[in-house]
1. For a quick check of your reading: which helices (runs of 4 or more DSSP H) sit entirely within segment 1-45 and have at least 1 residues that are touching a Ser or Thr at 6+ places or on another chain (Cβ under 7 Å)?
2. Return yes or no: is GLY87 farther than 22 Å from ASP210 by Cβ and either assigned by TED's automatic domain parsing to the domain that holds PRO157 or in contact (Cβ under 8 Å) with a residue 40 or more places away in the chain (or both)?
3. Working carefully through the options THR137, THR142, THR154, THR116, find the one that is among the β-branched types (Val, Ile, Thr) and at pLDDT 95 or above.
4. At pLDDT 85 or above, among the basic types (Lys, Arg), assigned to a loop (DSSP other than H, G, I, E, B) and in the same structural domain as TYR99 (by TED's automatic domain parsing) - does that describe any residue in segment 173-181?
5. Is at least one residue of segment 132-146 part of a helix (DSSP H, G or I) and β-branched (Val, Ile, Thr)?
6. Scanning for something modelled with pLDDT of 85 or more, more than 19 Å from ALA212 (Cβ to Cβ), of a type in the set (Asp, Glu) and touching a helix residue (DSSP H, G or I) at 6+ places or on another chain (Cβ under 6 Å), does segment 13-31 turn up at least one residue?
7. Please specify each residue of segment 91-149 satisfying the condition of being over 22 Å from ARG209 (Cα atoms) and either polar (S, T, N, Q) or assigned by TED's automatic domain parsing to the domain that holds GLU64 (or both).
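The values are calculated or read from the model by the stated rules, or taken from the named source; none is laboratory data. Since this is a predicted model, take the numbers as computed values, not measurements. Note: ideal-geometry Cβ built from the backbone for every residue, glycine included; neighbour counts use all protein chains shown.
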Amino acid sequence: MTGESARIVGNVKAALKSRGVTYADLARRIALSEASVKRVLSRGTLSLRRLEQICEAIDTSVAEVAQLQREAATERNDMLTLEQEKGLAADPQLFACYYLLANGRSNREIVNDMHTSPRAVQRWIATLKELGLLSQTSANRTRIRASAALKWRTDGPVRRMYEREVRGEFLQSLFGAQREALHFRSAELSEASCRILQRKLDRLVAEFRDLADLDSTLPSAGKRNVGFLLAMRPWVFSRFAKTVSDAARTAPQASQRIGRISQRSG
């Protein structure tokens with residue numbers, strides 16, 4: 001399998017994963033055995049006709065797979081420049097337009113979603129081009145130059161403007177509904193275990209970014225907005241810390257009392 005073939009097959013596999021389509025599902029849709037599907041994808045022996053058939057079965061196109069291939073080669077940035085962040089932070093409507101474009105919305109969908117006019121959308125698109133966030137690929141199509149799931153600067157203008165509000169809104173949920181999850185654990189870990197856990201979190205963030213970029217090609221009707229929060233830091237619950245601190249202070253006093261009693265007994 002050549003390098004280019006391997007990347008295309010990798011994109012097809014990623015598309016299957018993001019849509020929850022198993023090899024068995026795909027085999028039924030394209031009238032092959034599951035073993036044949038595995039063999040074709042493992043060996044990279046994809047004819048153009050077979051690739052078209054697979055893409056049709058998972059509601060994508062060869063053009064979209066090829067687009068993913070080109071974007072992978074150019075490595076879309078997952079961080080913006082400081083000036084680009086400033087531009088988005090200064091205008092909430094511009095920021096919303098950029099978010100929708102990054103997630104694959106058409107101009108018409110943005111008009112409907114933001115309850116605005118086509119002229120306003122064209123004005124925002126022109127500003128995004130000036131900021132270097134968009135490029136024109138054809139007369140009616142633009143391309144986002146960065147990942148759909150961006151990493152914002154720790155002390156950058158976007159986080160300074162929105163972080164407190166976003167945290168408050170996001171964590172208000174009880175996380176009990178469908179597609180909601182909240183897992184909190186606390187324990188004492190070694191430095192080595194902390195490093196391992198940090199690497200795993202980094203990989204999960206990268207996977208979220210890759211899925212977001214892949215799903216930006218899907219129709220908006222089949223998607224929903226998803227917030228994804230990962231956090232880790234050295235931390236002790238304040239009530240535990242107070243209890244431990246009080247115990248540490250009383251321990252020497254107790255030892256002194258026991259020592260005095262021992263001396264009297266002697």
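1. Details: elements: 3-18, 23-29, 34-43.
Fully inside segment 1-45 and qualifying: 3-18, 23-29.
2. Working: farther than 22 Å from ASP210 by Cβ: yes; either assigned by TED's automatic domain parsing to the domain that holds PRO157 or in contact (Cβ under 8 Å) with a residue 40 or more places away in the chain (or both): yes.
When the stated conditions are applied, GLY87 passes them.
3. Working: THR137 fails: at pLDDT 95 or above; THR142 fails: at pLDDT 95 or above; THR154 fails: at pLDDT 95 or above.
Selected residue: THR116, the only one of THR137, THR142, THR154, THR116 that is among the β-branched types (Val, Ile, Thr) and at pLDDT 95 or above.
4. Taking segment 173-181 and keeping what is at pLDDT 85 or above, we get 173-181.
Add one more test, that the residue is among the basic types (Lys, Arg), and what stays is 179.
Filter once more, so that each one left must be assigned to a loop (DSSP other than H, G, I, E, B): 179.
Within this subset, residues satisfying the condition of being in the same structural domain as TYR99 (by TED's automatic domain parsing) are 179.
Yes: segment 173-181 contains one or more residues that are at pLDDT 85 or above, among the basic types (Lys, Arg), assigned to a loop (DSSP other than H, G, I, E, B) and in the same structural domain as TYR99 (by TED's automatic domain parsing).
5. Just the residues of segment 132-146 that are part of a helix (DSSP H, G or I), to begin with: none.
Taking every residue of segment 132-146 in turn, none turns out to be part of a helix (DSSP H, G or I) and β-branched (Val, Ile, Thr).
6. no
7. GLN93, ASN107, ASN112, THR116, SER117, GLN122, THR127, GLN136, THR137, SER138, ASN140 - these are the residues of segment 91-149 that are over 22 Å from ARG209 (Cα atoms) and either polar (S, T, N, Q) or assigned by TED's automatic domain parsing to the domain that holds GLU64 (or both).
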